[in-house]
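Right, one structure below, let's go through it.
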Amino acid sequence: VPAVAQGGGTPAGNDVIVLGEVGALTGGQATFGISSRNGIALALKEANAAGGVKGKKLVVRVYDDQSKPEEAAQAVTRLITQDKVVLILGEVASSSSLAMAEKAQAAGVPMITPSSTNPTVTEKGDYIFRVCFIDPFQGFVMAKFAREHLKLNKVAVLQDNKSAYSIGLTEVFRQKFAELGGKITVTESYSQGDTDYRAQLTAIKKTQPEGIYVPGYYSEVGVIARQARELGLKVPLMGGDGWDSEKLFELGGSAIDGSYFSNHYSPDNPDERVKKFIADYKADYNGAVPDALAALAYDAAWVAIDALKRAPDTSGPALRDAIAQTKNFPGVAGAITLDAKRNAVKSAVVLKVADGKSTYVTTIAP
Ligand code: PHE
(Lines give C-alpha, C1' and ligand atoms only; values in the text may rest on other atoms or scores of the structure.)
Protein backbone atom coordinates (compact mmCIF):
# COMPACT_ATOMS: atom_id res chain seq x y z
CA VAL A 1 0.00 0.00 0.00
CA PRO A 2 1.56 3.32 -0.97
CA ALA A 3 1.98 5.85 1.84
CA VAL A 4 0.52 8.53 -0.38
CA ALA A 5 -2.36 8.15 -2.79
CA GLN A 6 -3.63 11.16 -4.70
CA GLY A 7 -7.34 11.87 -4.26
CA GLY A 8 -9.59 9.07 -5.38
CA GLY A 9 -6.77 6.50 -5.58
CA THR A 10 -6.50 3.42 -3.36
CA PRO A 11 -9.81 1.78 -2.48
CA ALA A 12 -10.45 1.69 1.24
CA GLY A 13 -10.44 -1.86 2.61
CA ASN A 14 -10.50 -3.41 6.03
CA ASP A 15 -6.74 -3.62 6.07
CA VAL A 16 -6.18 0.14 5.91
CA ILE A 17 -7.01 3.28 7.86
CA VAL A 18 -7.64 6.19 5.50
CA LEU A 19 -6.61 9.72 6.44
CA GLY A 20 -7.41 12.84 4.42
CA GLU A 21 -5.12 15.70 3.51
CA VAL A 22 -5.86 19.05 1.88
CA GLY A 23 -3.04 21.27 0.68
CA ALA A 24 -1.95 23.89 -1.81
CA LEU A 25 0.01 21.80 -4.30
CA THR A 26 -0.41 24.49 -6.98
CA GLY A 27 -1.01 28.26 -6.94
CA GLY A 28 0.54 31.07 -4.92
CA GLN A 29 1.17 28.91 -1.82
CA ALA A 30 2.35 25.78 -3.60
CA THR A 31 5.53 25.29 -1.60
CA PHE A 32 3.42 25.17 1.58
CA GLY A 33 1.35 22.24 0.34
CA ILE A 34 4.26 20.35 -1.15
CA SER A 35 6.39 20.60 1.99
CA SER A 36 3.43 19.55 4.13
CA ARG A 37 2.67 16.58 1.89
CA ASN A 38 6.28 15.46 2.11
CA GLY A 39 6.32 15.69 5.91
CA ILE A 40 3.08 13.71 6.24
CA ALA A 41 4.26 11.04 3.78
CA LEU A 42 7.48 10.56 5.78
CA ALA A 43 5.57 10.13 9.05
CA LEU A 44 3.18 7.58 7.53
CA LYS A 45 6.05 5.68 5.94
CA GLU A 46 7.74 5.40 9.33
CA ALA A 47 4.51 4.39 11.09
CA ASN A 48 3.76 1.73 8.46
CA ALA A 49 7.31 0.38 8.62
CA ALA A 50 6.78 -0.03 12.37
CA GLY A 51 3.63 -2.12 11.78
CA GLY A 52 0.95 0.52 11.23
CA VAL A 53 -1.88 1.12 13.72
CA LYS A 54 -4.20 -1.53 15.19
CA GLY A 55 -2.76 -4.04 12.70
CA LYS A 56 -3.67 -1.82 9.74
CA LYS A 57 -1.62 0.22 7.30
CA LEU A 58 -2.18 3.95 7.05
CA VAL A 59 -2.96 5.61 3.73
CA VAL A 60 -3.67 9.24 2.96
CA ARG A 61 -5.88 10.76 0.29
CA VAL A 62 -4.44 14.09 -0.82
CA TYR A 63 -6.42 16.83 -2.55
CA ASP A 64 -4.92 19.95 -4.12
CA ASP A 65 -6.94 23.08 -3.29
CA GLN A 66 -4.94 25.29 -5.69
CA SER A 67 -4.32 27.75 -2.82
CA LYS A 68 -8.06 28.59 -2.70
CA PRO A 69 -10.24 28.41 0.44
CA GLU A 70 -13.40 27.42 -1.55
CA GLU A 71 -11.55 24.47 -3.09
CA ALA A 72 -10.23 23.47 0.33
CA ALA A 73 -13.77 23.36 1.73
CA GLN A 74 -14.97 21.23 -1.20
CA ALA A 75 -12.08 18.85 -0.76
CA VAL A 76 -13.13 18.27 2.86
CA THR A 77 -16.65 17.40 1.76
CA ARG A 78 -15.25 14.91 -0.76
CA LEU A 79 -12.89 13.39 1.80
CA ILE A 80 -15.75 12.87 4.23
CA THR A 81 -18.54 11.73 1.91
CA GLN A 82 -16.64 9.81 -0.78
CA ASP A 83 -13.37 8.73 0.77
CA LYS A 84 -14.79 8.20 4.29
CA VAL A 85 -11.61 9.37 5.98
CA VAL A 86 -11.33 9.10 9.77
CA LEU A 87 -9.33 12.32 10.20
CA ILE A 88 -8.15 15.29 8.14
CA LEU A 89 -4.73 16.97 8.04
CA GLY A 90 -4.42 20.54 6.71
CA GLU A 91 -4.37 23.34 5.65
CA VAL A 92 -1.45 25.73 6.01
CA ALA A 93 -3.11 29.05 5.11
CA SER A 94 -5.51 30.11 7.86
CA SER A 95 -8.18 31.26 5.39
CA SER A 96 -8.28 27.75 3.90
CA SER A 97 -8.25 26.04 7.31
CA LEU A 98 -11.16 28.23 8.40
CA ALA A 99 -13.19 27.11 5.38
CA MET A 100 -12.29 23.46 6.02
CA ALA A 101 -12.95 23.58 9.76
CA GLU A 102 -16.54 24.60 9.15
CA LYS A 103 -17.17 21.35 7.22
CA ALA A 104 -15.12 19.03 9.40
CA GLN A 105 -16.76 20.29 12.59
CA ALA A 106 -20.26 19.91 11.11
CA ALA A 107 -19.50 16.31 10.13
CA GLY A 108 -17.77 15.41 13.40
CA VAL A 109 -14.53 14.43 11.68
CA PRO A 110 -11.39 15.55 13.55
CA MET A 111 -9.10 17.96 11.73
CA ILE A 112 -5.55 18.88 12.69
CA THR A 113 -3.94 21.87 11.02
CA PRO A 114 -0.17 21.63 11.23
CA SER A 115 0.52 25.31 10.72
CA SER A 116 -2.48 27.65 10.58
CA THR A 117 -1.83 30.26 13.26
CA ASN A 118 -4.95 32.47 13.17
CA PRO A 119 -6.69 32.01 16.57
CA THR A 120 -10.19 31.64 15.11
CA VAL A 121 -9.37 28.37 13.30
CA THR A 122 -9.66 26.13 16.37
CA GLU A 123 -12.55 28.25 17.68
CA LYS A 124 -14.64 26.62 14.92
CA GLY A 125 -15.32 23.77 17.32
CA ASP A 126 -14.17 20.85 19.44
CA TYR A 127 -13.08 18.68 16.48
CA ILE A 128 -10.51 21.24 15.27
CA PHE A 129 -6.90 21.12 16.54
CA ARG A 130 -3.51 22.59 15.70
CA VAL A 131 0.06 21.65 16.61
CA CYS A 132 1.55 25.17 16.27
CA PHE A 133 1.44 28.42 18.25
CA ILE A 134 -1.11 31.14 17.46
CA ASP A 135 -0.70 34.67 16.09
CA PRO A 136 -1.26 36.65 19.30
CA PHE A 137 2.05 35.10 20.33
CA GLN A 138 3.73 35.34 16.92
CA GLY A 139 2.84 39.04 16.60
CA PHE A 140 4.25 39.68 20.06
CA VAL A 141 7.49 37.91 19.12
CA MET A 142 8.27 40.23 16.19
CA ALA A 143 7.11 43.36 18.04
CA LYS A 144 9.45 42.48 20.92
CA PHE A 145 12.29 41.67 18.53
CA ALA A 146 11.78 44.93 16.61
CA ARG A 147 11.81 46.99 19.81
CA GLU A 148 14.41 45.19 21.90
CA HIS A 149 16.79 43.67 19.37
CA LEU A 150 16.54 45.98 16.35
CA LYS A 151 15.77 48.99 18.59
CA LEU A 152 13.20 50.37 16.14
CA ASN A 153 10.97 53.27 17.19
CA LYS A 154 8.85 53.83 14.05
CA VAL A 155 7.53 50.99 11.92
CA ALA A 156 5.07 50.85 8.99
CA VAL A 157 2.84 47.85 8.23
CA LEU A 158 1.84 46.38 4.85
CA GLN A 159 -0.90 43.74 5.15
CA ASP A 160 -2.66 41.31 2.81
CA ASN A 161 -6.35 42.12 3.18
CA LYS A 162 -7.39 38.80 1.56
CA SER A 163 -5.74 36.71 4.25
CA ALA A 164 -7.19 36.04 7.71
CA TYR A 165 -3.63 35.28 8.77
CA SER A 166 -2.20 38.61 7.60
CA ILE A 167 -5.06 40.68 9.01
CA GLY A 168 -4.83 38.98 12.39
CA LEU A 169 -1.07 39.29 12.62
CA THR A 170 -1.20 42.97 11.66
CA GLU A 171 -3.65 43.67 14.47
CA VAL A 172 -1.52 41.95 17.10
CA PHE A 173 1.76 43.45 15.90
CA ARG A 174 0.37 46.99 15.89
CA GLN A 175 -0.97 46.60 19.40
CA LYS A 176 2.12 44.95 20.89
CA PHE A 177 4.57 47.30 19.18
CA ALA A 178 2.67 50.29 20.60
CA GLU A 179 2.49 48.65 24.04
CA LEU A 180 6.27 48.31 23.98
CA GLY A 181 6.59 52.04 23.32
CA GLY A 182 6.95 51.99 19.52
CA LYS A 183 4.98 53.98 16.97
CA ILE A 184 3.14 52.60 13.91
CA THR A 185 3.55 55.25 11.20
CA VAL A 186 0.96 53.85 8.75
CA THR A 187 -0.82 50.61 7.76
CA GLU A 188 -1.20 49.93 4.04
CA SER A 189 -2.98 46.97 2.36
CA TYR A 190 -2.74 44.83 -0.77
CA SER A 191 -4.71 41.82 -2.05
CA GLN A 192 -3.17 38.39 -2.49
CA GLY A 193 -2.11 37.98 -6.12
CA ASP A 194 -1.35 41.70 -6.67
CA THR A 195 1.90 42.40 -8.48
CA ASP A 196 2.33 46.16 -8.11
CA TYR A 197 2.83 47.51 -4.60
CA ARG A 198 4.46 50.83 -5.53
CA ALA A 199 1.56 53.07 -4.45
CA GLN A 200 1.50 51.53 -0.96
CA LEU A 201 5.29 51.57 -0.66
CA THR A 202 5.43 55.20 -1.74
CA ALA A 203 2.89 56.11 0.94
CA ILE A 204 4.95 54.14 3.47
CA LYS A 205 8.18 55.86 2.42
CA LYS A 206 6.67 59.27 3.15
CA THR A 207 6.25 58.31 6.83
CA GLN A 208 10.02 57.58 7.12
CA PRO A 209 9.74 54.30 9.02
CA GLU A 210 12.78 52.49 10.45
CA GLY A 211 11.33 49.12 9.45
CA ILE A 212 8.31 47.63 7.63
CA TYR A 213 6.25 44.75 8.98
CA VAL A 214 4.94 42.64 6.06
CA PRO A 215 3.01 39.66 7.46
CA GLY A 216 2.16 38.07 4.10
CA TYR A 217 3.06 34.96 2.12
CA TYR A 218 6.32 34.48 0.21
CA SER A 219 4.83 34.95 -3.29
CA GLU A 220 3.92 38.54 -2.56
CA VAL A 221 6.64 39.35 -0.01
CA GLY A 222 9.47 38.57 -2.47
CA VAL A 223 8.07 41.04 -5.00
CA ILE A 224 7.32 43.64 -2.31
CA ALA A 225 10.97 43.49 -1.19
CA ARG A 226 12.22 44.19 -4.72
CA GLN A 227 9.83 47.10 -5.28
CA ALA A 228 10.64 48.59 -1.86
CA ARG A 229 14.37 48.66 -2.69
CA GLU A 230 13.68 50.11 -6.15
CA LEU A 231 11.84 52.97 -4.46
CA GLY A 232 14.80 53.59 -2.18
CA LEU A 233 13.28 52.04 0.96
CA LYS A 234 16.36 50.46 2.53
CA VAL A 235 15.03 49.69 6.02
CA PRO A 236 14.67 46.07 7.23
CA LEU A 237 11.50 44.19 6.38
CA MET A 238 9.98 41.95 9.04
CA GLY A 239 7.45 39.18 8.71
CA GLY A 240 5.97 35.98 10.09
CA ASP A 241 5.99 32.28 9.25
CA GLY A 242 4.32 32.97 5.88
CA TRP A 243 7.74 33.94 4.54
CA ASP A 244 9.02 30.40 4.97
CA SER A 245 9.73 29.15 1.45
CA GLU A 246 12.74 28.55 -0.77
CA LYS A 247 10.90 30.68 -3.31
CA LEU A 248 11.26 33.79 -1.13
CA PHE A 249 14.93 33.99 -2.09
CA GLU A 250 14.23 33.41 -5.76
CA LEU A 251 11.56 36.14 -5.85
CA GLY A 252 13.23 38.59 -3.50
CA GLY A 253 16.86 38.14 -4.54
CA SER A 254 19.24 40.40 -2.66
CA ALA A 255 16.36 42.82 -1.93
CA ILE A 256 15.23 40.54 0.90
CA ASP A 257 18.70 40.46 2.54
CA GLY A 258 18.82 41.95 6.02
CA SER A 259 15.18 41.10 6.75
CA TYR A 260 13.80 39.05 9.64
CA PHE A 261 10.86 36.72 10.22
CA SER A 262 9.39 34.68 13.04
CA ASN A 263 9.03 30.95 12.51
CA HIS A 264 8.24 27.62 14.17
CA TYR A 265 11.49 25.79 13.70
CA SER A 266 15.04 26.17 12.55
CA PRO A 267 16.92 23.38 10.77
CA ASP A 268 20.01 24.60 12.67
CA ASN A 269 18.60 22.93 15.83
CA PRO A 270 21.31 20.52 17.10
CA ASP A 271 18.79 18.17 18.79
CA GLU A 272 19.35 14.51 17.78
CA ARG A 273 15.71 13.88 16.86
CA VAL A 274 15.68 16.97 14.63
CA LYS A 275 18.95 15.92 12.98
CA LYS A 276 17.53 12.47 12.23
CA PHE A 277 14.33 13.98 10.80
CA ILE A 278 16.35 16.26 8.51
CA ALA A 279 18.54 13.37 7.33
CA ASP A 280 15.54 11.10 6.62
CA TYR A 281 13.69 13.90 4.82
CA LYS A 282 16.73 14.72 2.69
CA ALA A 283 17.09 11.06 1.77
CA ASP A 284 13.47 10.90 0.55
CA TYR A 285 13.30 14.29 -1.18
CA ASN A 286 16.44 14.80 -3.25
CA GLY A 287 18.46 16.46 -0.52
CA ALA A 288 15.86 19.14 0.27
CA VAL A 289 16.15 20.60 3.78
CA PRO A 290 12.73 20.46 5.46
CA ASP A 291 11.16 23.86 6.15
CA ALA A 292 8.78 24.62 9.04
CA LEU A 293 5.81 23.36 7.03
CA ALA A 294 7.42 19.97 6.51
CA ALA A 295 8.36 19.77 10.20
CA LEU A 296 4.91 20.78 11.47
CA ALA A 297 3.10 18.49 9.04
CA TYR A 298 5.34 15.60 10.12
CA ASP A 299 4.46 16.44 13.74
CA ALA A 300 0.72 16.75 12.99
CA ALA A 301 0.74 13.35 11.29
CA TRP A 302 2.51 11.79 14.29
CA VAL A 303 0.04 13.38 16.72
CA ALA A 304 -2.73 11.81 14.60
CA ILE A 305 -0.97 8.43 14.57
CA ASP A 306 -0.42 8.57 18.33
CA ALA A 307 -4.10 9.39 18.89
CA LEU A 308 -5.18 6.57 16.53
CA LYS A 309 -3.11 4.15 18.62
CA ARG A 310 -4.58 5.34 21.93
CA ALA A 311 -8.21 5.67 20.80
CA PRO A 312 -10.47 2.65 21.47
CA ASP A 313 -11.77 2.89 17.87
CA THR A 314 -11.52 5.23 14.87
CA SER A 315 -14.89 6.95 15.30
CA GLY A 316 -14.94 10.77 15.32
CA PRO A 317 -15.67 11.19 19.05
CA ALA A 318 -13.06 8.59 20.09
CA LEU A 319 -10.38 10.20 17.94
CA ARG A 320 -11.29 13.69 19.04
CA ASP A 321 -10.94 12.70 22.71
CA ALA A 322 -7.61 10.98 22.07
CA ILE A 323 -6.17 13.99 20.19
CA ALA A 324 -7.35 16.34 22.94
CA GLN A 325 -5.31 14.32 25.45
CA THR A 326 -2.01 14.89 23.62
CA LYS A 327 0.62 15.80 26.21
CA ASN A 328 4.35 16.44 25.88
CA PHE A 329 4.45 14.78 22.49
CA PRO A 330 8.05 15.06 21.22
CA GLY A 331 7.69 16.87 17.90
CA VAL A 332 10.60 17.95 15.69
CA ALA A 333 9.23 21.52 15.88
CA GLY A 334 8.98 21.42 19.69
CA ALA A 335 7.07 19.42 22.30
CA ILE A 336 3.29 19.42 21.82
CA THR A 337 0.75 19.72 24.62
CA LEU A 338 -2.74 20.65 23.48
CA ASP A 339 -4.52 23.14 25.74
CA ALA A 340 -8.26 23.40 26.46
CA LYS A 341 -8.67 25.49 23.29
CA ARG A 342 -6.97 22.74 21.20
CA ASN A 343 -3.88 24.84 20.50
CA ALA A 344 -0.22 24.03 21.16
CA VAL A 345 1.82 26.44 23.26
CA LYS A 346 5.38 26.61 21.91
CA SER A 347 8.41 28.86 21.48
CA ALA A 348 9.10 30.78 18.27
CA VAL A 349 12.40 31.39 16.52
CA VAL A 350 13.49 34.55 14.72
CA LEU A 351 15.42 34.00 11.49
CA LYS A 352 17.53 36.47 9.50
CA VAL A 353 17.47 36.41 5.72
CA ALA A 354 20.78 36.91 3.89
CA ASP A 355 22.57 35.48 0.87
CA GLY A 356 19.74 33.25 -0.29
CA LYS A 357 19.07 31.59 3.04
CA SER A 358 17.68 32.18 6.50
CA THR A 359 19.76 31.73 9.62
CA TYR A 360 18.79 31.33 13.25
CA VAL A 361 18.99 34.47 15.41
CA THR A 362 17.09 33.79 18.63
CA THR A 363 14.32 31.83 20.36
CA ILE A 364 11.46 33.61 22.12
CA ALA A 365 9.43 31.63 24.67
CA PRO A 366 5.74 32.25 25.43
N1 PHE B 1 0.68 30.51 9.75
C2 PHE B 1 0.30 30.71 8.36
C3 PHE B 1 -1.21 30.90 8.31
O4 PHE B 1 -1.87 30.67 9.28
C5 PHE B 1 0.74 29.57 7.49
C6 PHE B 1 2.19 29.22 7.50
C7 PHE B 1 2.76 28.49 8.56
C8 PHE B 1 3.01 29.56 6.46
C9 PHE B 1 4.12 28.16 8.59
C10 PHE B 1 4.36 29.24 6.47
C11 PHE B 1 4.93 28.56 7.55
O12 PHE B 1 -1.79 31.27 7.32
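Points to keep in mind about this one:
- L58 satisfies every condition listed in (1) under 21 Å from A295 (Cα atoms); (2) within 12 Å of the ligand (Cβ to nearest atom) except (2).
- So K309, is it surrounded by fewer than 23 Cβ atoms within 10 Å (Cβ to Cβ), more than 24 Å from G20 (Cβ to Cβ) and at pLDDT 95 or above: no
- Taking the criterion of being part of a helix (DSSP H, G or I), crowded, with 24+ Cβ neighbours inside 10 Å and aliphatic (A, V, I, L, M), the residues of segment 137-178 that qualify are V141, M142, A143, A146, L169.
- The one condition from (1) more than 16 Å from the ligand (Cβ to nearest atom); (2) closer than 19 Å to S36 by Cα; (3) within 20 Å of the chain's Cα centre (by Cα) that D280 does not meet is (3).
- Residue in segment 199-211 that is more than 16 Å from the ligand (Cβ to nearest atom), farther than 26 Å from T120 by Cβ, free of Cβ contacts under 8 Å to residues at least 24 places away in the same chain and assigned to a loop (DSSP other than H, G, I, E, B) present: no
One line per residue, one yes/no per condition, for (1) modelled with pLDDT of 95 or more; (2) over 26 Å from R310 (Cβ atoms); (3) over 18 Å from the mean Cα position of the chain (by Cα):
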residue: A5; (1), (2), (3): no, no, yes
residue: V22; (1), (2), (3): yes, no, no
residue: A50; (1), (2), (3): yes, no, yes
residue: A99; (1), (2), (3): yes, yes, no
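- Count of segment 97-112 residues, restricted to those that are surrounded by 24 or more Cβ atoms within 10 Å (Cβ to Cβ) and either assigned to a loop (DSSP other than H, G, I, E, B) or near the ligand (Cβ under 8 Å from one of its atoms) (or both), is 2.
- The criterion of being loosely packed, with under 13 Cβ neighbours inside 10 Å, within 16 Å of the ligand (Cβ to nearest atom) and within 21 Å of the chain's Cα centre (by Cα) holds for V289.
- Checked across segment 55-71, the condition of being farther than 24 Å from F137 by Cβ, out of contact with any strand residue (DSSP E or B) (no Cβ under 9 Å at 6 or more places or on another chain) and crowded, with 21+ Cβ neighbours inside 10 Å holds for at least one residue.
- Within segment 222-264, being away from the ligand (no atom under 15 Å from the Cβ) and among the acidic types (D, E) holds for E230, E250, D257.
- Pairing each residue of segment 156-168 that is free of Cβ contacts under 8 Å to residues at least 24 places away in the same chain with any residue that is among the charged types (D, E, K, R), provided the two are 6+ apart or on different chains, yields C-beta distances under 8 Å for I167/D160.
- So S191, is it of a type in the set (S, T, Y), surrounded by fewer than 23 Cβ atoms within 10 Å (Cβ to Cβ) and at pLDDT below 95: no
- Residues satisfying the stated conditions in segment 24-48, i.e. within 16 Å of the ligand (Cβ to nearest atom), modelled with pLDDT of 95 or more and among the small types (G, A, S): A24, G27, A30, G33, S35, S36, G39
- L169 being within 16 Å of the ligand (Cβ to nearest atom), among the hydrophobic types (A, V, I, L, M, F, W, C) and farther than 17 Å from G28 by Cβ: yes
- Pick from segment 132-148, criterion away from the ligand (no atom under 11 Å from the Cβ) and in contact with a Pro (Cβ under 7 Å, 6 or more places away or on another chain), ranking: nearest to V345 (Cα to Cα): F137
The values are calculated or read from the model by the stated rules, or taken from the named source; none is laboratory data. Only a predicted model underlies this, so the values are computations on that prediction, with no experimental measurement involved. A quick note on method: Cβ atoms are made from the backbone with ideal geometry, for glycine too, and the neighbour counts reach across all protein chains shown.
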